1. Could you list, in sequence order, the residues of region 167-177 that are modelled with pLDDT of 85 or more and either open to solvent by 90 Å² or more (accessible area, probe 1.4 Å) or in contact with a Leu (Cβ under 8 Å, 6 or more places away or on another chain) (or both)?
2. Is it the case that some residue within region 145-157 is at pLDDT 95 or above and touching a Phe, Trp or Tyr at 6+ places or on another chain (Cβ under 6 Å)?
3. Return the residues of region 213-233 that are open to solvent by less than 20 Å² (accessible area, probe 1.4 Å) and closer than 22 Å to residue 189 by Cβ; say none if nothing qualifies.
4. Which members of region 14-55 meet the condition of being open to solvent by less than 90 Å² (accessible area, probe 1.4 Å) and out of contact with any strand residue (DSSP E or B) (no Cβ under 7 Å at 6 or more places or on another chain)?
5. Somewhere in region 231-247, is a residue in a helix (DSSP H, G or I), closer than 28 Å to residue 292 by Cα and under 17 Å from the mean Cα position of the chain (by Cα)?
6. Sort through 184, 180 and tell me the only one that's modelled with pLDDT of 85 or more, open to solvent by 10 Å² or more (accessible area, probe 1.4 Å), in contact with a Cys (Cβ under 7 Å, 6 or more places away or on another chain) and among the charged types (D, E, K, R).
7. Among the residues of region 236-265, write down those that are open to solvent by 70 Å² or more (accessible area, probe 1.4 Å), within 23 Å of residue 96 (Cβ to Cβ) and in contact (Cβ under 8 Å) with a residue 40 or more places away in the chain.
8. So, residue 136, is that one among the polar types (S, T, N, Q) and more than 21 Å from residue 241 (Cα to Cα) or not?
Amino acid sequence: MKYVFVVNPAAGKGNLQKQLIGQIKEYFETFAGEYEIHITTEPGDAERYVKQQAQTGEQMRIFACGGEGTSFEVVNGVFGYDNVAIGVIPCGSANDFLKYFDAIDPFSNLASQTGGSEVPIDLIRAGDRYCINGCSVGMDAMVARDMSIFKHWPLVSGSFAYKLAILRNFLKFRLGVRIDLSVDGAEPRRQDCLFAVIANAPYYGGGFKGAPNAHPNDGELDFTMINNVSHFKVLRFLPKYEKGEFEQYDFSTTARCSEMFFRSEKTVPINLDGEIVEAAEMKFSIVPQAVRFVLPVGVSFQKSTKSAEIVNLK
């Protein structure tokens, strides 16, 4: 078995990576296994490198050592290669996908990672890209775009950077987007929404629980839409949304589904696992059991508590 560590030196505030590299080298002095460390140099480098590794056909585990952007590149680089399992060693500012699991510390433990099991998980196909965590369009995507302004500020955590980006967008006269939206192939309906989310796991945006019942191995996606409301209602709503306590609001819609499609009259920002692209339309669909994920020793999936399905768009 080969172990490949893809380290993004720019993830988070860059404080953990040097220490991690030293730990990897020390660990493999006694652990029987081949390993490589690749330090990324630019956007897209991780994806190119892991694809080259996967194409060798060798059995391996590739660990994304960074944040959501690093995981996104690794997932897209290895998708379709059955000889590769992916893992995550958190070095980013948010690490939202890992918040789903019942323990996070073992993800930073090399013995737990190399001794862990491999479990199949789903992915989201978003256009021609693949996402492990979640996607959104609307104010959320605009916030994710603007979060990059704040996340490298000294003493600003990932969650605080997200809240600063929310404030920046909240000060705009008009919130959200107007889109034609369809869930599971239904006829598209015009929606004036604050945002629409399609999720494989519960958390995104530095800890907001936008899809509280999502599970990355259940063969379904979780859809959340929040209708556009007044600035005052947004202020009251966001603290509840952060905790995943929003289904009681009459301007929220949730569904379990296999796909979502939207179309806009103009290009809009789209959030793909924290990466931002611009497009006027996109289809999102489930890819069941798409990759093997390294589940460290001492970590398990959370128990499913899915609520009843709601599919009527408001």
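1. Of everything in region 167-177, just one residue is modelled with pLDDT of 85 or more and either open to solvent by 90 Å² or more (accessible area, probe 1.4 Å) or in contact with a Leu (Cβ under 8 Å, 6 or more places away or on another chain) (or both), namely 176.
2. In the first step, residues of region 145-157 are kept if they are at pLDDT 95 or above; the result is none.
Looking through region 145-157, none of the residues is at pLDDT 95 or above and touching a Phe, Trp or Tyr at 6+ places or on another chain (Cβ under 6 Å).
3. If the condition is that a residue be open to solvent by less than 20 Å² (accessible area, probe 1.4 Å) and closer than 22 Å to residue 189 by Cβ, then 221, 222, 223, 224, 225, 226 are the ones that fit.
4. Passing the criteria: 14, 16, 22, 23, 27, 31, 44, 45, 47, 51.
5. No, every residue in region 231-247 fails to be in a helix (DSSP H, G or I), closer than 28 Å to residue 292 by Cα and under 17 Å from the mean Cα position of the chain (by Cα).
6. Just one listed residue meets the conditions, 184.
7. 247
8. On the way: among the polar types (S, T, N, Q): yes; more than 21 Å from residue 241 (Cα to Cα): no.
So residue 136 fails the test.
The values are calculated or read from the model by the stated rules, or taken from the named source; none is laboratory data. Because the structure is a prediction, the values reported are computed rather than measured. Note that we place each Cβ from the backbone using ideal geometry, even for glycine, and neighbour counts take in every protein chain shown. Side chains are part of the model used for accessible areas, which takes the heavy atoms of the whole protein and leaves out ligands, DNA and RNA. Shrake-Rupley method; radii C 1.70, N 1.55, O 1.52, S 1.80 Å.
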